[in-house]
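The values are calculated or read from the model by the stated rules, or taken from the named source; none is laboratory data. Model, not experiment: these values are computed from the prediction. Cβ placement follows ideal geometry from the backbone for every residue including glycine, while neighbour counts extend to all protein chains displayed. To get the accessible areas, we keep the full protein, side chains included, count just its heavy atoms, and leave off ligands, DNA and RNA. Shrake-Rupley method; radii C 1.70, N 1.55, O 1.52, S 1.80 Å.
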Protein chains: 2
Amino acid sequence: MPSQNSSQSGRSPQRQRGRERVAALLSAASACFVERGYDATTMTEIAARAGASIGSLYQFFPTKESVAEALMLDHAEALYARMERLLEHVPGWDTNELAGRLIRTFADYRKQHPSFVALQEATGSQPSLLGRTIRQRMRDYLCQILAIHAPKLAAGDLRPAAMVVQQLMKAATALQNEQPATLRQSAQTQLQRALALYLQELASE
Amino acid sequence: MPSQNSSQSGRSPQRQRGRERVAALLSAASACFVERGYDATTMTEIAARAGASIGSLYQFFPTKESVAEALMLDHAEALYARMERLLEHVPGWDTNELAGRLIRTFADYRKQHPSFVALQEATGSQPSLLGRTIRQRMRDYLCQILAIHAPKLAAGDLRPAAMVVQQLMKAATALQNEQPATLRQSAQTQLQRALALYLQELASE
DNA sequence: CTCCAATGTGAGGGTAGCCTCACATATCTG
DNA sequence: CAGATATGTGAGGCTACCCTCACATTGGAG
């Protein structure tokens with residue numbers, strides 16, 4: 001009873017060799033997406049870069065989208081882990097520290113993982129189910145963080161506030177593309193200040 | 001001495017009939033972009049919807065990108081006009097009123113002009129020169145607005161602040177897609193509050 | 001009316017990428 | 001070793017789109 005259907009495409013690897021191939025394919029895909037963007041990279045390129053044939057690629061990934069999804073799942077796990085870590089430290093941070101961490105968490109991850117940026121930009125056009133799931137779960141983490149930082153806040157006000165914080169984090173990533181560097185840094189500092197002001201208001205009700 | 005080169009594609013209309021055709025083509029393109037997205041709509045579709053042949057379309061627009069650019073130019077003019085109007089009223093508004101207007105100006109325009117949204121999303125992937133120009137000029141308007149609202153602010157702090165405000169306006173547009181409506185409205189109100197807090201701090205230095 | 005530039009047409013050449021398929025090789029199990 | 005299953009191959013079918021081109025039609029100027 002195979003876990004997938006019996007068609008040729010879309011099986012998951014059963015042997016060691018298969019797992020290695022999948023890893024090589026994903027690594028190659030990641031590099032291609034970074035260098036040429038999601039839309040511009042072709043399945044043929046990915047296979048060639050991984051030293052595999054096009055048929056081998058289709059054996060494990062029935063579509064280009066499924067390749068992106070597999071990569072995105074990894075990024076999602078890493079992001080969740082960062083949010084968990086954040087959650088642990090919230091009680092020990094004041095408003096300013098929390099604002100800075102929130103701004104940086106997301107922005108730093110994007111800087112360290114360019115393929116996540118490439119995939120995010122591509123997904124932006126036609127929002128995928130996976131993308132929605134990730135955003136939703138990130139918002140849940142923010143709700144937990146806010147519940148700790150602003151314990152007096154009514155439960156019904158938690159979600160809207162989390163949405164605002166989420167948007168401010170996204171704004172921070174948008175600022176990463178700005179030039180020159182001094183202007184960018186000033187803007188990031190100012191954005192952190194704006195977030196701190198808002199967090200302060202939430203906590204002081 | 002023609003304004004364009006003498007090749008078949010890319011001429012601008014010389015006669016009344018030509019101008020009408022261009023208008024019909026742009027209108028059709030706008031509708032297609034809204035319904036199917038920029039990437040998915042084809043030049044053939046645009047021509048068919050305008051009741052023109054594919055050759056006629058290429059006569060005036062050498063590439064799909066040039067169609068998008070023509071539409072974007074119209075949107076840019078309309079947006080500049082709105083910012084001018086905003087600029088006139090700034091002296092009479094308090095911080096809260098200004099925050100609300102800033103949040104709504106951009107968000108309202110997107111609601112009224114879906115084709116602008118479609119084009120923005122498409123341009124997001126590979127930033128165009130026109131897109132950069134528009135964002136830059138919008139930022140200049142924000143600098144002027146802030147100079148009025150926060151006269152004590154140092155000239156060097158104007159641009160970073162404008163960038164932050166610009167990002168908050170963009171955040172407001174992102175919230176437009178949220179469901180359900182009550183949650184969306186709460187979040188928008190909260191975002192307006194965050195902007196007001198930031199504007200207040202800028203003005204009170 | 002005549003002529004010419006502007007406008008209009010749509011079949012089709014060229015390109016490119018997605019994915020399949022028939023078959024080959026590798027690895028495991030007994 | 002023998003059978004079974006997983007993995008590997010790449011030529012090519014298929015589709016879709018961009019854009020050109022040779023030619024037709026229109027409308028205004030002289």
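Values for this structure:
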quantity	calculated
Any hit, region A:23-44, residues being away from DNA strand C (no atom under 11 Å from the Cβ), modelled with pLDDT under 95 and in contact with a Phe, Trp or Tyr (Cβ under 9 Å, 6 or more places away or on another chain)	no
Criterion: out of contact with any Lys or Arg (no Cβ under 7 Å at 6 or more places or on another chain), of a type outside the set (Ser, Thr, Tyr) and more than 9 Å from DNA strand C (Cβ to nearest atom) - qualifying residue of A:LEU79, A:LEU86, A:LEU57	A:LEU79
Near pairs, Cβ below 9 angstrom, 6+ apart or cross-chain, from region B:128-149 (closer than 18 Å to B:GLU97 by Cα) to any residue that is among the hydroxyl-bearing types (Ser, Thr, Tyr)	B:TYR141/B:TYR80; B:HIS149/B:THR95
Test: residue in region A:10-18 that is touching a residue at least 12 places away in the same chain (Cβ under 8 Å), within 16 Å of DNA strand D (Cβ to nearest atom), away from every other protein chain (no Cβ under 14 Å) and not in a loop (DSSP other than H, G, I, E, B)	yes
Identity of the residue in region B:100-136, within 14 Å of another protein chain (Cβ to nearest Cβ) and open to solvent by less than 20 Å² (accessible area, probe 1.4 Å), that ends up nearest to A:LEU183 (Cα to Cα)	B:GLY131
Matching option when the condition is out of contact with any helix residue (DSSP H, G or I) (no Cβ under 9 Å at 6 or more places or on another chain) and either more than 25 Å from A:GLN136 (Cβ to Cβ) or surrounded by 14 or more Cβ atoms within 10 Å (Cβ to Cβ) (or both), among A:GLU88, A:GLU65, A:GLU69, A:GLU77	A:GLU65
Residue that is modelled with the lowest pLDDT [pool: residues in region A:172-198 that are crowded, with 16+ Cβ neighbours inside 10 Å and more than 9 Å from every other protein chain (Cβ to nearest Cβ)]	A:THR173
Residue list for region A:42-59, filter: near DNA strand D (Cβ under 7 Å from one of its atoms) and assigned to a helix (DSSP H, G or I)	A:ILE54, A:GLY55, A:SER56, A:TYR58, A:GLN59
Test set (1) within 16 Å of DNA strand D (Cβ to nearest atom); (2) under 30 Å from A:ALA147 (Cβ atoms) - A:ASP39 fails condition number	(2)
